[in-house]
Structure formats: C-alpha cells, structure tokens
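Engineer: One structure follows; several queries about it will come next.
The values are calculated or read from the model by the stated rules, or taken from the named source; none is laboratory data. Remember, predicted model here, so these are calculated numbers, not experimental data. Heads up, the Cβs are rebuilt from the backbone with ideal geometry, glycines too, and the neighbour counts pull from every protein chain shown. Calculation scope for accessible area: heavy atoms of the full protein, side chains included, ligands and nucleic acids excluded. Shrake-Rupley method; radii C 1.70, N 1.55, O 1.52, S 1.80 Å.
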Amino acid sequence: MERNLKNVLVISFGFLLLFTAYGGLQSLQSSLNSEEGLGVASLSVLYAALILSSMFLPPILIKKLGCKWTIAISMCCYIAFSLGNFYASWYTLIPTSVILGLGGAPLWSAKCTYLTIAGTSYAEKARKNAKDIINQYFGVFFLVFQSSGIWGNLISSLILSQSSTRVEISEEDLECCGAYNCLTDTTNTTGSAKPSNSLIYTLLGVYTASGVLAVLLVIIFLDQIKSDQAETEKEKLEASPFWSTFLATFRHLKDKRQCLLIPLTMYSGFEQGFLSGDYTKVYVTCALGIHYVGYVMICFAAVNSLCSLLFGKISQFTGRKLLFALATVTNTACIIALLLWKPHPKQLAVFFVFPALWGLSDAVWQTQTNGLYGILFEKHKEAAFANYRLWESLGFVIAFGYSTKLQAYIKLYILLSVLVLSMVTYGAVEYLEAKSSPGTPTVTKKENGGPHSQETYM
C-alpha cells in the first residue's frame, strides 16, 4: 500500500475510534448528567474553550510538536473528558471539558495540515494535480470518520438497554415531556430513570478504551512528516504567527458579507445544540428512556451523512439557493411540529422522523455554508473559516448555556427567530453578490466543503 494512503487510513480510523466515544458522550450529556444542568453546562464550557483554542493554540503546537504528536496529544484531551464522566461533578466535568475544548482545535488543524502535506507529497511524486489528491484524501477521511456517529450511539443504546431500572411511564408523567416540559421536575423518574452505575461505568470504559486505541494507533502507525515537508510547514507558521491569524480573523469582519453571514453561521450551532441537548432530553429520554437516545442519534447521523454526500453532488445542478430553501422549509416545519407535538411511546416512528428531517437540513447547513464561505472569500479563506469556527462555536455556547434556564418551547421560538434572521441576511448576501457581478451566475461549486463541513463534530 502506498505510504501516504496508509497514513490517511491511520488518521481516519484514529478519528473514528476517538469520535465514536466523544459523539456518544455528547448525545448523552443532557440526559446522563441532568442534575443542575451539569451535562449541558459542560458542553457550553467545552465550546467556549474551543473558541479560545482556535484563536491561539494550533499554530503553536504544530510548530513545536509537528502534526503527528499534536494529533496524539490532542486526542489525550478527549480521553480526559471520558475519564471525567466516571465521577461526574462540577469539579471533574468542567475542567475536563476545558481540556477537551483546548485540544479540539489543534487536533483538527493538525489533521488538515497532515492530509494536505501528504496529498501534496504524493501528487509531486505521481505528477498529478495536488488539489485532486488532497480532495481524494479528505474524501477517504470523511467516508470513515462520519460513521463514528453511528457506532458511538449504537454502543450507548446497546449497553444502556440492558438496564433493569426502567419504570412504566404514566400518562400524567408524559404530560411533562415535549415543548412545554416540566422544567422544575428535576427528580423526574419516569422514562429518564438513570441507569445503574455498573452500566454507566461499562459504557464509559468502552468509550475510554476506544480513545486509548485511537492514541496508540496514531503513535505506533502514523509516520512523522518528512523533515523537508515539516520545515516548509514550519516556515509558513513562523511567517504567519498566531497573533496575525487572530487579528486577521477580526479584520475580516470589515467585509459586509461576512457580517451578514454571522446569523447563518451561528444558527448551525443553535440547531445542532438543540437536537443533542434538548430534543434528546425532553422528548426522547423523557418519553422513551435514555436507552433510545443512541438509536435516535444514529438516525440523525446516517441521514446527515448520506444527504451531505448527495447535496455535495447535486449542488452544481440545483444551485445553493434551492438547497438553502429546502433546509429552511424543512427546519421550520420541524420546529412548528415540535411545538405542537406531545411525545408518546405509542408514536415510536415519530421520534425518528424528526432527527431524520433534522439531519437532512443540517447536511445543507454544513455543506452549503462551508461552500459559500469558500466561494465568497476565496482570497482570505483562513480568516473566513476562522470566523466560521468562531461564530458556529458561539452558537453552541449560547444554545447549551441557556439550555437549563429556558423551557423547550422558548428555545424553539428562539431557533425559529434566528432561522428567519439567517435567511434574511443570507438573501442580502446573494443580492450583494448578484449586484457586484450581474453577468456571473451564482451556481454553487463544491469548494472542498468536506474538510470543513464536519469539523463541528469537535
């Protein structure tokens, strides 16, 4: 096997193992650690730390340690979060959430840098177009990586379904579920009865082992970047120190189009935060039990992955406007339906319809928003995508931050308001683009959206 491809597969399966654990844990936080909102508070802190990490750490760590060891050490930050869940408290989860957030940005940056250098290296040897090889490597990576949402949630559901503490849910208790949930009922022991400690420890043990295997896989099998390539990358990093990237991120806000895209970018964080932090708790866990959370999130991950692939291919024919309209209509319909729907175990299929439709919409928000950034800001991609990570992460922080303070119906109204605002400002961006180049059709091209589109998984 060609060495560069071997390294791509090592990174891909390393991330698969790591995010099998993290993805499953993120989906369960609001249900597993619901006391005083600890679970969602930890996620809010995590994404706040990610914002700071994105601004400062990646260039420093890659420059000092190289890509291989940056990836390995950053992966250890994720393992710390798994360990913090063994004894979940404010003194364990919050610090480990900060550690994970700080490790998140260097991990993704080092991965992108490694795959880019590997692709360029092979292209030079094979005398092929570097961009084509790089896109091919990223395609292989995401083909493997995107399945982590399925495996992580499947593990949680299979293990937690062994619980013998489930109790019958009365009709009176079911009234507490849904958009108008009984917020003050923190001791609700209906479908959300907490699994036994032995099951929780088993689950966390599997997740921790998965993370450790990921680190060992990278340390043992991933080749260090060759010295000449590493020196080239080091020179680039020295020529562009971290503070210049930091300043460039905020200087980019002088572009009116970037400012207009902030609501749309933040909405991506809001809608993902609602699904993993609120839908899983006040609809699924409340009415069906925590063991169903994994199955529901598998549905979301599978549809999201398939639609991301589909929309990436058909966007060149449909254009981005039609896809954005599809996502807007679908998300709006879901929000209105969630406001009206009273979840009941007899309506089992409905619990899966919502995450499926949500996955379809999210696939549009991820692929097309990233593609839009790539097309609009082609000459300033680094600053543009730094803004993307900044504002999307801020959306996560806010969504998880107010998760325990507001009832679900208020959060749905906020979600709908931000969606409407996003489409108004997005429409303004399209208008400005059409006005500036009236003779140029604004058809979406696939602007390497893959590598960026899924980085929201953390």
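Engineer: How large is log10 I(q)/I(0) at q = 0.12 Å⁻¹ when the Debye formula is applied to the Cα atoms of region 334-428, each weighted equally and without solvent?
Structural biologist: -0.52
Engineer: Measure off 7 Å from each Cα along the Cα-to-Cβ vector at residue 6 and residue 36, then give the distance between these two points in nanometres to one decimal.
Structural biologist: Distance between label points: 5.2 nm.
Engineer: Just the number, please: carbon plus sulfur as a percent of the accessible area of region 312-426, 1.4 Å probe, no ligands or DNA/RNA counted.
Structural biologist: 71
Engineer: Compute the length gained on full extension between residue 172 and residue 131: take 0.36 nm times their separation in residues and subtract their Cα-Cα distance, giving the result in nm to one decimal.
Structural biologist: Separation in residues times 0.36 nm, less the Cα-Cα distance, equals 8.8 nm.
Engineer: Once R0 is set to 41 Å, what does the formula 1/(1 + (r/R0)^6) return for the Cβ-Cβ distance between residue 420 and residue 220, expressed as a FRET efficiency to the nearest 0.05? The partial results should precede the final answer.
Structural biologist: Details: r = 51 Å, r/R0 = 1.24.
According to the calculation, E is roughly 0.20.
Engineer: Would you work out which of 384, 331, 354 lies farthest towards the positive end of the dipole of region 246-435, given +1 charges on the beta-carbon of Lys and Arg and -1 on that of Asp and Glu, about the Cα centre?
Structural biologist: Positive-most Cα among the choices belongs to 384.
Engineer: Right, next: Which order do peptides 365-371, 417-423 fall in by mean Cβ count within 10 Å, highest first?
Structural biologist: 365-371, 417-423
Engineer: If you keep only loop residues by DSSP, which chymotrypsin sites (Phe, Trp or Tyr not before Pro) in region 45-107 have at most 14 other Cβ atoms within 10 Å of their Cβ?
Structural biologist: Within region 45-107, the qualifying chymotrypsin sites (Phe, Trp or Tyr not before Pro) (loop, at most 14 other Cβ atoms within 10 Å) are 90, 91.
Engineer: Label-point separation (nm) for residue 430 and residue 406, each offset 7 Å from Cα along Cα-to-Cβ?
Structural biologist: Taking the two extended label points, one gets 2.7 nm.
Engineer: Taking only protein heavy atoms and a 1.4 Å probe, what accessible area per residue, in Å², does region 300-371 have with all protein chains in place?
Structural biologist: Here the residues of region 300-371 average 40 Å² of exposed surface.
Engineer: At residue 336 and residue 202, where each label point lies 7 Å from the Cα along Cα→Cβ, what is the point-to-point distance in nanometres?
Structural biologist: So the two model labels end up 4.5 nm from each other.
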